[in-house]
Amino acid sequence: MQELTHYVNGAHIKGTSDRFGDVLNPATGEVQGKCPLSTTAEVETAIEIAAAAQPAWASVNPQRRSRVMMKFVELLNRDMDKLAEALSREHGKTLPDAAGDVQRGLEVVEFCIGAPHHLKGEFTDSAGPGIDMYSMKQPLGVCAGITPFNFPAMIPMWMFAPAIVCGNAFILKPSERNPSVPLMLAQLLEEAGLPKGILQVVNGDKEAVDAILHNQTVQSVSFVGSTPIAEYIYATGCANGKRVQCFGGAKNHMIIMPDADLDQAADALVGSGYGAAGERCMAISVAVPVGDETADKLIKKLVPRIEALKVGPYTSGEDVDFGPVITAASKANIENLVQSGIDQGAKLVVDGRGFKLQGYEDGFFVGAHLFDNVTTDMDIYKKEIFGPVLSTVRAKTYEEAIQMAIDHEYGNGTSIFTRDGDTARDFANRINIGMVGINVPIPVPLAYHTFGGWKKSMFGDLNQHGTDAFKFFTRTKTITSRWPSGIKEGGEFSIPVME
Ligand code: NAD
């Protein structure tokens with residue numbers, strides 16, 4: 001069994017805590033690796049090394065820092081298959097989906113190549129007699145990120161690429177469930193020319209996270225994961241004076257209007273509801289058809305599509321639509337929620353219970369489920385299931401449908417399928433959700449826009465990637481400068497104003 005490492009000061013180093021987390025192969029249930037769980041002292045050492053390395057990196061000019069990102073993109077492409085395989089092995093998602101995970105991270109690295117442009121300050125010539133005024137965007141120092149299991153390549157890159165290109169050092173605490181890809185990324189970035197100590201990977205659990213949150217050197221914390229942990233990290237990080245952005249859980253609704261192309265809507269629901277076994281924060285988990293006629297027709301189209309889905313290990317290649325979920329505990333949680341849906345009166349139209357795959361009996365596979373007649377008081381509606389379970393909540397009118405999405409505590413993503421421009425426009429304007437799709441099921445913004453939810457899906461002010469990332473990872477300093485020829489005689493004792 002492989003003993004994994006941390007990545008500190010340019011080297012893979014063994015953990016010293018004697019505490020380990022199991023890294024499983026979700027398809028077989030086997031323990032395939034041991035992830036070292038950092039002590040507070042190990043995290044503090046990594047932060048000290050990062051702090052010592054950061055000033056020299058910050059003084060490298062932005063164009064040279066960008067070139068490291070350029071080279072990193074090249075290496076990511078070179079190693080794409082290797083990264084995707086390592087990712088699928090520990091996560092369970094299909095190989096094309098794993099390559100997509102790397103690719104969506106890579107696109108943010110590409111965006112970061114434009115850092116010299118985004119780091120330019122403002123300048124006002126002759127703001128007063130002989131006075132010039134200008135601003136600088138300076139790095140924060142040491143930044144940290146804590147990432148979830150479901151995108152082990154994309155989300156770390158969304159954090160560390162903009163942080164590093166801005167001149168910061170970065171401490172990454174990836175999910176202890178699948179740490180191999182983050183370790184590989186750190187090594188690749190150094191191969192691309194990043195100096196040692198600028199990207200440090202400390203593996204661990206709550207102890208490592210708390211060490212980051214309470215460390216005085218760490219200036220900012222970025223978090224992606226479940227909402228209860230997001231709330232904890234936001235509150236603790238802010239109380240310790242850090243800049244914090246936390247992205248939490250989701251329950252994404254898709255509204256299907258009577259005029260929608262129902263084949264398109266059904267295809268979109270199947271892909272976005274069951275892709276990656278539903279383990280995506282932008283998965284659609286609630287379908288809201290408007291009117292019983294729309295609902296009946298939609299269910300009729302969904303059932304054969306869902307029953308035809310192929311579930312299996314990533315090693316089966318392109319033949320598989322989705323793989324296992326991450327752990328036995330996650331599988332049990334999904335099964336319990338499915339049972340609660342049945343007990344609370346929802347109609348299980350496609351029953352994925354008892355799904356077994358020959359040769360993979362100990363894997364964490366869950367069959368696809370479809371519920372109809374779900375109501376908003378049921379647990380399967382209120383809670384994030386994070387599994388291949390789609391709930392249908394019938395709405396009588398568009399107003400009832402939009403209100404449902406407005407009232408839900410989560411606000412990550414949503415989507416509407418309609419041919420009517422007025423309805424689509426009204427929906428985009430009124431909905432209190434961060435990312436909206438119009439005839440698009442998973443509206444994940446591209447790298448040069450920003451990604452973030454509203455309500456209990458996001459805590460903080462600035463989103464991930466896009467121009468927000470350059471704001472989050474820098475501080476603005478504004479300089480007012482006057483040269484001797486512009487200085488009048490004598491001191492001034494009242495606040496300077498422009499007359
Ligand atoms: P998680 O909250 O269990 O873990 C996320 C990270 O927090 C991990 O690194 C973990 O080690 C750490 N952590 C866990 N418990 C902790 C504790 N008590 N104290 C401190 N740190 C702790 O989430 P997960 O299961 O890895 O990921 C799935 C969740 O992430 C889902 O809720 C999903 O919706 C969410 N997610 C959100 C987004 C988004 O952008 N909004 C994106 C991806 C995933």
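The values are calculated or read from the model by the stated rules, or taken from the named source; none is laboratory data. Keep in mind that this is a model prediction, so the values were computed, not measured. Ideal geometry is used to build each Cβ from the backbone, glycine not excepted, and the neighbour counts take in all protein chains shown. Surface accessibility is based on the protein's heavy atoms, side chains included, excluding ligands, DNA and RNA. Shrake-Rupley method; radii C 1.70, N 1.55, O 1.52, S 1.80 Å.
Scan segment 286-300 and tell me whether some residue there is within 25 Å of the chain's Cα centre (by Cα), under 30 Å from residue 85 (Cβ atoms) and in the same structural domain as residue 270 (by TED's automatic domain parsing).
No; the residues of segment 286-300 include none that is within 25 Å of the chain's Cα centre (by Cα), under 30 Å from residue 85 (Cβ atoms) and in the same structural domain as residue 270 (by TED's automatic domain parsing).
Report whether or not residue 153 is within 14 Å of the ligand (Cβ to nearest atom), under 29 Å from residue 47 (Cβ atoms), of a type in the set (A, V, I, L, M, F, W, C) and in the same structural domain as residue 55 (by TED's automatic domain parsing). Before you say what the answer is, go through the steps one by one.
On the way: within 14 Å of the ligand (Cβ to nearest atom): yes; under 29 Å from residue 47 (Cβ atoms): yes; of a type in the set (A, V, I, L, M, F, W, C): yes; in the same structural domain as residue 55 (by TED's automatic domain parsing): yes.
For residue 153, the condition - within 14 Å of the ligand (Cβ to nearest atom), under 29 Å from residue 47 (Cβ atoms), of a type in the set (A, V, I, L, M, F, W, C) and in the same structural domain as residue 55 (by TED's automatic domain parsing) - is met.
Just for segment 216-250: of the residues that are closer than 19 Å to residue 47 by Cβ and aliphatic (A, V, I, L, M), which one is nearest to the ligand (Cβ to nearest atom)?
233
For residue 138, which of the numbered conditions (1) open to solvent by less than 10 Å² (accessible area, probe 1.4 Å); (2) in contact with a strand residue (DSSP E or B) (Cβ under 6 Å, 6 or more places away or on another chain); (3) of a type outside the set (Phe, Trp, Tyr) fails to hold?
Status for residue 138: all satisfied but (1).
Which number in (1) open to solvent by less than 10 Å² (accessible area, probe 1.4 Å); (2) in contact with a Ser or Thr (Cβ under 8 Å, 6 or more places away or on another chain); (3) aliphatic (A, V, I, L, M) marks the one condition that residue 69 misses?
(2)
Would you confirm whether any residue within segment 109-132 is in the same structural domain as residue 52 (by TED's automatic domain parsing), away from the ligand (no atom under 16 Å from the Cβ), under 15 Å from the mean Cα position of the chain (by Cα) and surrounded by 23 or more Cβ atoms within 10 Å (Cβ to Cβ)? So that I can check it myself, show each step before the final result.
First, pick out the residues of segment 109-132 that are in the same structural domain as residue 52 (by TED's automatic domain parsing): 109-132.
Applying the additional criterion that residues be away from the ligand (no atom under 16 Å from the Cβ) yields 109-132.
When the remaining residues are screened for being under 15 Å from the mean Cα position of the chain (by Cα), the result is 109.
Filter once more, so that each one left must be surrounded by 23 or more Cβ atoms within 10 Å (Cβ to Cβ): 109.
Looking through segment 109-132, at least one residue is in the same structural domain as residue 52 (by TED's automatic domain parsing), away from the ligand (no atom under 16 Å from the Cβ), under 15 Å from the mean Cα position of the chain (by Cα) and surrounded by 23 or more Cβ atoms within 10 Å (Cβ to Cβ).
Cβ-Cβ under 9 Å, sequence separation 6+ or interchain: first residue in segment 324-335 and outside the structural domain of residue 385 (by TED's automatic domain parsing), partner part of a loop (DSSP other than H, G, I, E, B) and crowded, with 17+ Cβ neighbours inside 10 Å. Which pairs?
none
Could you list, in sequence order, the residues of segment 21-49 that are closer than 22 Å to residue 210 by Cβ, free of Cβ contacts under 8 Å to residues at least 40 places away in the same chain and in contact with an Asp or Glu (Cβ under 8 Å, 6 or more places away or on another chain)?
Across segment 21-49, the qualifying residue is only 34.
Please pick out the residue among 135, 180 that is touching a Lys or Arg at 6+ places or on another chain (Cβ under 9 Å), within 28 Å of residue 278 (Cα to Cα), of a type in the set (Gly, Ala, Ser) and in contact (Cβ under 8 Å) with a residue 40 or more places away in the chain.
180
Free of Cβ contacts under 8 Å to residues at least 12 places away in the same chain and touching a helix residue (DSSP H, G or I) at 6+ places or on another chain (Cβ under 9 Å): does that describe residue 100? Reasoning before the result, please.
Values: free of Cβ contacts under 8 Å to residues at least 12 places away in the same chain: yes; touching a helix residue (DSSP H, G or I) at 6+ places or on another chain (Cβ under 9 Å): yes.
Considered against the rule, which asks whether it is free of Cβ contacts under 8 Å to residues at least 12 places away in the same chain and touching a helix residue (DSSP H, G or I) at 6+ places or on another chain (Cβ under 9 Å), residue 100 comes out as yes.
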